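Here's the structure we're looking at; comments come further down.
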Amino acid sequence: MTITEAASAVSVLRDWDRARSAAWSSGDVRALRRIYQPGARVGAHDVAMLRRWVERGLRVRRLTMQVLSVELRVRTDRRIVLDVTDRLADAIAVPVGGGHGRVLPRDGLTTRRLVFRLDDGSWRMAAAYARPLATTAVTWGSENS
């Protein structure tokens, strides 16, 4: 893979992270749902979490992911697979009606395999998995497209 392909894949991740942060900041469940492939379990989980925050009258601002490493695993015209190590760096919970925000604790480092698919001109997250251990015993299932 070329440096250009890797840089382009990282750009997809950054744009996706920005869109996710904007959806969480505004409490926009529809916008959040749009950045995931339909039927993606990771998307359903994220949407459910956002709904719970919205129901409690809170928005999460500055949902910033601190990316420590990215490894491009697969890059095709319609699919990108990345191994990403990151953590939640700087989020704050703010009441909708105003008032003092509460800084959320920093997340611990996590490493995931992220799968993005090009759908109708937009890159959407299709899956997120715990990164495999260095063993041949781990299988990932089918990612056909």
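The values are calculated or read from the model by the stated rules, or taken from the named source; none is laboratory data. Just so we're clear, the structure is a prediction, and the values are computed from it rather than from any experiment. Neighbour counts run over all protein chains shown; Cβ positions are idealised from the backbone, glycine included.
Quick notes on this structure:
- Single residue of R113, R87 found to be within 27 Å of S26 (Cβ to Cβ), assigned to a strand (DSSP E or B), modelled with pLDDT of 90 or more and not polar (S, T, N, Q): R87
- Test: residue in the stretch 25-36 that is over 16 Å from M125 (Cα atoms), at pLDDT 95 or above, β-branched (V, I, T) and in a helix (DSSP H, G or I): no
- Residue, nearest to A44 (Cα to Cα), within the stretch 116-143, restricted to residues that are of a type in the set (A, V, I, L, M) and either modelled with pLDDT under 95 or not in a strand (DSSP E or B) (or both): A130
- From the list R59, R73, the lone residue that is surrounded by 17 or more Cβ atoms within 10 Å (Cβ to Cβ), basic (K, R) and farther than 14 Å from W123 by Cβ is R59.
- For the stretch 27-52, filtered to residues that are surrounded by fewer than 15 Cβ atoms within 10 Å (Cβ to Cβ) and not charged (D, E, K, R), the residue that is nearest to T85 (Cα to Cα) is H45.
- Residue in the stretch 75-94 that is in contact with a Gly (Cβ under 8 Å, 6 or more places away or on another chain) and β-branched (V, I, T) present: yes
- Checking R102, R106 one by one, the residue that is in contact with a Leu (Cβ under 7 Å, 6 or more places away or on another chain), of a type outside the set (A, V, I, L, M, F, W, C) and surrounded by fewer than 13 Cβ atoms within 10 Å (Cβ to Cβ) is R106 and no other.
- Taking the numbered list (1) more than 22 Å from D28 (Cα to Cα); (2) touching a Lys or Arg at 6+ places or on another chain (Cβ under 7 Å) in turn, V74 passes all entries but (2).
- Number of the condition not met by V67 [criteria: (1) under 20 Å from G108 (Cα atoms); (2) part of a loop (DSSP other than H, G, I, E, B); (3) not acidic (D, E)]: (2)
- Among residues of the stretch 7-33 that are acidic (D, E), those with a beta-carbon under 9 Å from a residue that is crowded, with 17+ Cβ neighbours inside 10 Å and part of a loop (DSSP other than H, G, I, E, B) at least six positions away or on a different chain give the pairs D17/L63.
- Looking at R14, R112, just one residue is surrounded by fewer than 16 Cβ atoms within 10 Å (Cβ to Cβ), of a type outside the set (A, V, I, L, M, F, W, C) and within 27 Å of I3 (Cα to Cα), and that residue is R14.
- With respect to the stated conditions, V42 fails to be of a type in the set (A, V, I, L, M, F, W, C), under 14 Å from L114 (Cα atoms) and modelled with pLDDT under 95.
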